[in-house]
Amino acid sequence: MTPGHPAPGGKPIPAPKGTKATIELSAAQLSALRTAAAERRSFPVEKTAVGSISFDEDPAIVQAEATLIAAASQLDLTGRELARVRSLGADNGIPQKELEQAVSAHETAEAALKAARDAVRALGKSDTEIDALIAAGRIQSLPPGHGGRKWALANVAESDSVSVRAGQPVSLRVMAYPGRTFHGEVSRVYSAVDPATHRVAVRAEIADPANELRAGMLADFVIRVREPRESPAVPEAAAVREADGTNTVWVTVDRRHFSQRSVRTGERSDGWVQIVEGLEPGELVVADGAVFLSNMLQAPPGD
């Protein structure tokens, strides 16, 4: 047995530089393995979340808009009262205290309207939309299932929320329609983080031409936060999670000698694992049986 080569029968010996271990397998052991070349594949950068199908109107927006309309109405009322008191003046028996109360009420109404405008603006409405809402004096409701689309609300992890933006593609699945995927896009990312769950609410508009989605249905969300990127990839069974938390693959050149190599993994998609570091496309890896080889290293000498 020469340095750098393992003993026959699957017994490990010290590994060459750049690998964790090297094993030479017998013919019987080789029959239990399948090798495949690492491929270059495209991996979408996605974030997952759970949530539900929401109502046709966003309750938070409806509440904020209702408060805005009430505040605008109150400002108009206090403005007219202030104008009446000022027009009469002290000469008509209006005491100074009544004038001061009218001024105070009007200033309070102004502050309330500003706060209400800020609240609606924070939910994504523009100043033009806010002015139109105030001028109309009522909430402009959308018809149910407007344009064959539904609202959905995802609860995104705080760490993932910084990557989510309006306009990003969304796909979701619901238990009522197994195997079906509904598609849409992010319409709003709310600014507050829930202190109890450390999640951020993300609202999406989902295409539902057949009007199949119902408010309250639980949904699994996938949000594509970046365009797909190509990377080396191996079948999922080829990447082994070791006891120390690292990921490894078993690489071979001659399909007889197998070297364990540490790799850094990334996304997973359609049964493939993205290899961010440690492997090049075209290198042969153990596609089936990698766990068997890793377990072999843990076997006591002589087994």
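The values are calculated or read from the model by the stated rules, or taken from the named source; none is laboratory data. Small disclaimer: the values here were computed from a predicted structure and weren't measured. Cβ coordinates were reconstructed from backbone atoms using ideal geometry, including for glycine residues, and neighbour counts include every protein chain displayed. Areas reflect the complete protein model, heavy atoms only, side chains present, ligands, DNA and RNA absent. Shrake-Rupley method; radii C 1.70, N 1.55, O 1.52, S 1.80 Å.
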message: What number results when the radius of gyration of segment 97-221, computed over Cα atoms, is divided by 2.2 N^0.38 Å?
response: 1.41
message: Using only the alpha carbons of segment 214-303, what is the convex hull's orientation-averaged projected area in square nanometres?
response: 9.2 nm²
- request: State, as an integer percentage, the relative contact order of segment 209-303 based on alpha-carbon contacts under 8 Å between residues 6 or more apart.
  value: 29 percent
task: Against the globular-protein guess of 2.2 N^0.38 Å, express the Cα radius of gyration of the chain as a ratio, rounded to two decimals.
output: 1.66
field: Cα centroid separation - segment 250-300 against segment 193-212, whole Å
entry: 38 Å
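Sort 259-269, 122-132, 29-39 for me by packing, meaning the mean count of neighbouring Cβ atoms within 10 Å per residue, highest on top.
Output ranking for 259-269, 122-132, 29-39: 259-269, 29-39, 122-132.
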message: With a 1.4 Å probe and all protein chains left in place, how much of the accessible area of the chain comes from carbon and sulfur atoms, in whole percent?
response: 54 percent
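Over the chain, what is the mean sequence separation of C-alpha contacts under 8 Å (at least six apart), divided by residue count, expressed as relative contact order in percent?
About 27 percent, as a whole number.
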task: Once you have all Cα-Cα distances for segment 136-286, histogram them in 5 Å bins from zero and send the whole-percent values.
output: 2, 8, 14, 14, 12, 13, 12, 9, 7, 5, 3, 2, 1, 0, 0, 0
- prompt: Looking at L293, A204, L153, which one has the Cα that reaches farthest to the positive end of the dipole of the chain (charges on Cβ: Lys, Arg +1; Asp, Glu -1)?
  reply: L293
message: Keeping every protein chain present and rolling a 1.4 Å probe, give me the accessible area per residue for the chain in Å².
response: 55 Å²
task: Using only the alpha-carbon atoms of segment 228-274, report the extent along each of the three principal axes, biggest first, to the nearest angstrom.
output: 35, 26, 15
field: Compactness index (Cα Rg / 2.2 N^0.38 Å), segment 65-131
entry: 1.37
message: As I understand it, the value is the acute angle between the Cα axis of helix 127-136 and the longest principal axis of the Cα atoms of the chain; what does it come to in degrees, rounded to 10?
response: 40 degrees
- request: For segment 192-233, would you read off the P(r) tail past 17 Å as a percentage of all alpha carbon pairs?
  value: 59 percent
message: Along its three principal axes, how long is segment 158-202 when you only count alpha carbons? Whole Å, largest extent first please.
response: 33, 24, 14
query: Once you list every other residue whose beta carbon is under 15 Å from the beta carbon of R180, what net charge do they have if Lys and Arg are +1 and Asp and Glu are -1?
result: 0
